[in-house]
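Novice: This is the structure, below, for whatever I ask next.
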Amino acid sequence: MNCIEIAAATQNAESIIIIIQGLEEYLKIEEASQDTIRLLLNSGIQLTIWFSKPTQFGSLMRYTTGSPAHNELLKARTESINFSYQSGTLQKDGRLVDFETESNLYNALGLSLIPPELREGLD
């Protein structure tokens with residue numbers, strides 16, 4: 001199956017999801033939550049749209065472009081420097097940490113930015 005994944009920053013994901021749900025004549029909604037909607041388009045393409053607040057877009061991009069192995073390595077790294085890893089976001093002392101860019105996130109972990117095409121978990 002052909003798949004398209006989109007990451008989007010918005011202050012109002014719920015409203016966008018409601019609008020998309022109103023387009024049922026063009027698609028089948030497979031799953032919807034407060035920050036994700038997965039659709040099957042009439043063309044047979046599966047479309048997933050991930051939403052985050054603009055202040056969390058760096059975390060979303062890192063989460064959606066990293067392989068599972070890469071994400072597991074980052075989770076271990078976060079825990080080794082007293083961050084916690086929850087559903088693709090980072091927390092410090094129980095508070096969500098904002099990362100508008102991927103560079104900011106990797107820098108906070110003491111790493112240089114790893115380009116998406118290299119996020120295979122081989123590092």
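Novice: Under a point spin-label approximation (7 Å from Cα along Cα-to-Cβ), what is the E24-K92 distance to one decimal in nm?
Specialist: Result for the modelled spin labels: 4.5 nm.
Novice: Once phi is turned into θ = phi - 60°, what whole-Hz ³J(HN,Hα) does the Karplus curve with 6.51, -1.76 and 1.60 give for every residue of the stretch 51-68, x standing for Gly and Pro?
Specialist: Per-residue couplings from phi come out as 10, 8, 5, x, 6, 10, 4, x, 5, 4, 4, 4, 5, 7, 10, x, 5, x Hz.
Novice: Further question on the same structure: When Lys and Arg each count +1 and Asp and Glu each count -1, what net charge do the other residues less than 14 Å away from A32, Cβ to Cβ, add up to? Intermediate results must be reported in sequence, preceding the final value.
Specialist: Working: positive: K28, R38; negative: E14, E24, E30, E31, D35.
Around A32, the surrounding residues sum to -3.
Novice: Scale the Cα Rg of the chain by the rule-of-thumb value 2.2 N^0.38 Å and send over the ratio, two decimals.
Specialist: On the way: Rg = 15.8 Å, N = 123, 2.2 N^0.38 = 13.7 Å.
After normalising by residue count via 2.2 N^0.38 Å, the value is 1.16.
Novice: Whose amide H sits under 5 Å from the amide H of F83, counting only residues 5 or more places off or on another chain, with H placed in the peptide plane?
Specialist: The list, which skips near neighbours in sequence, is empty: none.
Novice: Quick check: net charge around Q56, other residues with Cβ under 9 Å of its Cβ, Lys/Arg +1 and Asp/Glu -1?
Specialist: Details: positive: K53; negative: D98, E100.
Once all neighbours under 9 Å are counted, the net charge is -1.
Novice: Reachable aspartates and glutamates from K92, Cα under 12 Å, same-chain residues fewer than 8 places away excluded?
Specialist: Candidates past the 8-residue exclusion: E79.
Novice: Name the most mobile residue of Q86, Q56, Q21, meaning the one with the largest mean-square fluctuation, in a Gaussian network model of the chain with Cα contacts below 10 Å.
Specialist: Highest fluctuation among the options: Q86.
Since every read-out is calculated from the coordinates, none of them should be taken as a lab result. Predicted, not measured: the structure shown is a model, and the values here were computed from it. No Cβ is skipped: glycine too gets one built from the backbone with ideal geometry, and neighbour counts run over all protein chains shown.
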